[in-house]
1. Could you tell me which residue of the stretch 80-93 is least open to solvent (accessible area, probe 1.4 Å), considering only residues that are more than 20 Å from ALA44 (Cα to Cα) and in a helix (DSSP H, G or I)?
2. Got a sec? Which helices (runs of 4 or more DSSP H) wholly within the stretch 208-302 have at least 2 residues that are closer than 16 Å to PHE174 by Cβ and open to solvent by less than 70 Å² (accessible area, probe 1.4 Å)?
3. Just give me the residues in the stretch 116-135 being buried (at least 18 other Cβ atoms within 10 Å of the Cβ) and either assigned to a strand (DSSP E or B) or out of contact with any helix residue (DSSP H, G or I) (no Cβ under 9 Å at 6 or more places or on another chain) (or both), in sequence order.
4. Working only within the stretch 42-68, note down all residues that are in contact with a strand residue (DSSP E or B) (Cβ under 8 Å, 6 or more places away or on another chain) and farther than 16 Å from VAL183 by Cβ.
5. For the stretch 122-136, enumerate the residues that are touching a residue at least 12 places away in the same chain (Cβ under 8 Å) and not basic (Lys, Arg).
6. Which of the residues spanning the stretch 175-200 are open to solvent by 30 Å² or more (accessible area, probe 1.4 Å) and under 17 Å from the mean Cα position of the chain (by Cα)?
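The values are calculated or read from the model by the stated rules, or taken from the named source; none is laboratory data. Just so you know, these numbers come straight off a predicted model, no measurement behind them. So basically every Cβ, Gly included, is an ideal-geometry build from the backbone, and we count neighbours across all protein chains shown. Remember, those area values only see protein heavy atoms, side chains included, never the ligands or the DNA or RNA. Shrake-Rupley method; radii C 1.70, N 1.55, O 1.52, S 1.80 Å.
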Amino acid sequence: MFSSRVPTALYGLASRQSRRYLSTNGSIQKVGIVGMGLMGHGIAQMAAEKFQVVAFDANDDALKKGNEAIKGSLEKVWSKKLKDDPDAEAKVAKNVNERMSRISLASSVEDLADCDIIVEAIIENLDIKRDFYKKLGEVCDPNTILASNTSSFPINELAVASGRPEKVVGLHFFNPVQLMRLVEVIRTDSTDEKVFEKSYQFAKDLKREPVKCKDTPGFIVNRLLVPYLTQAMQLLDRGDASAEDIDTAMRLGAGHPMGPLHLADYIGHDTILAIVQGWIKLYPDNPDFQEPECLKKLVAEGKLGRKTGEGFYKWEGNKKL
């Protein structure tokens, strides 16, 4: 498949020096995406609007499926935009092909070596991520920015593993990437200011709305959201109120579009429990991080919410019954 490696040592050195100048002084042009699951292929799709994209996934099937998902999504987007155009079919194909032509599928991590920025969206397992960042630190150009899409792990853990902590940031996108405009841009104590500002501008170039945050547990959204969800569950555990009344109270009293238990069902209880357990392991003395009994029970019973058809409520597809 795709390979960006240069056959001669002399030309390779010149190429790396040229890209090093670009990475330090110019704008981002080449973007690496690692992990082509739901988040990764969404980020790749948005990046392909403007940048050359190198997409890598250790699982070849996932890589191909992610690429196919991008094409399918682009076809839907452009078919909708051009639905009243008499030449819609040809124009849809032109726009889709133009963007797909900017995406190259990589067969190895080494194919990411000369990217200006790499956005990692692999499995939420800290040990696996640490090992991967060590590998990236070894193979990538010294000025390549390494950005993690993790929703819960400390960016500093990955920065240290990379061996180049000043070049590491968090870029936390939200699902679905194509529709959700927010990106949390996270700096550690070691992040170089120019690297941070370039990453912030990259999020703006993707037509997202970036917000700046330090490397605190859960960043902004999840740091506020997850304890809110678990507090609602603890109300339920204590028998203080029913699920329906908790959700109604927050909809009508706080103006939220859906209550916390409804939202937890929508997110997935396995996801919430994994975040909470990860925080408890890393920050055992923080009283904000709790495992509600009802959450553990639902996960143990396989009642994960919307995606399994039952959680606090019963579901039919994306509709709460």
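1. Initial filter on the stretch 80-93 (more than 20 Å from ALA44 (Cα to Cα)): 80-91.
Now restrict to residues that are in a helix (DSSP H, G or I): 80-81, 88-91.
Values: LYS80: 153, LYS81: 132, ALA88: 23, GLU89: 161, ALA90: 69, LYS91: 83 Å².
Step by step, filter the stretch 80-93, then rank; the result is ALA88.
2. Working: elements: 221-238, 243-254, 260-267, 269-282, 293-300.
Where helices (runs of 4 or more DSSP H) fall fully within the stretch 208-302 and carry at least 2 residues being closer than 16 Å to PHE174 by Cβ and open to solvent by less than 70 Å² (accessible area, probe 1.4 Å), they are 221-238, 260-267, 269-282.
3. ILE117, ILE118, VAL119, GLU120
4. Of the residues in the stretch 42-68, the ones in contact with a strand residue (DSSP E or B) (Cβ under 8 Å, 6 or more places away or on another chain) are 42-44, 47-48, 51-57, 63-64, 66-67.
Matches in the stretch 42-68: ALA48, GLN52, VAL53, VAL54, ALA55, PHE56, ASP57, LEU63, LYS64, GLY66, ASN67.
5. Here is the first cut: in the stretch 122-136, the ones touching a residue at least 12 places away in the same chain (Cβ under 8 Å) are 122-124, 126, 129-136.
The answer is ILE122, ILE123, GLU124, LEU126, ASP131, PHE132, TYR133, LEU136.
6. Selection gives ASN175, PRO176, GLN178, LEU179, MET180, ARG181, LEU182, ARG187, TYR200.
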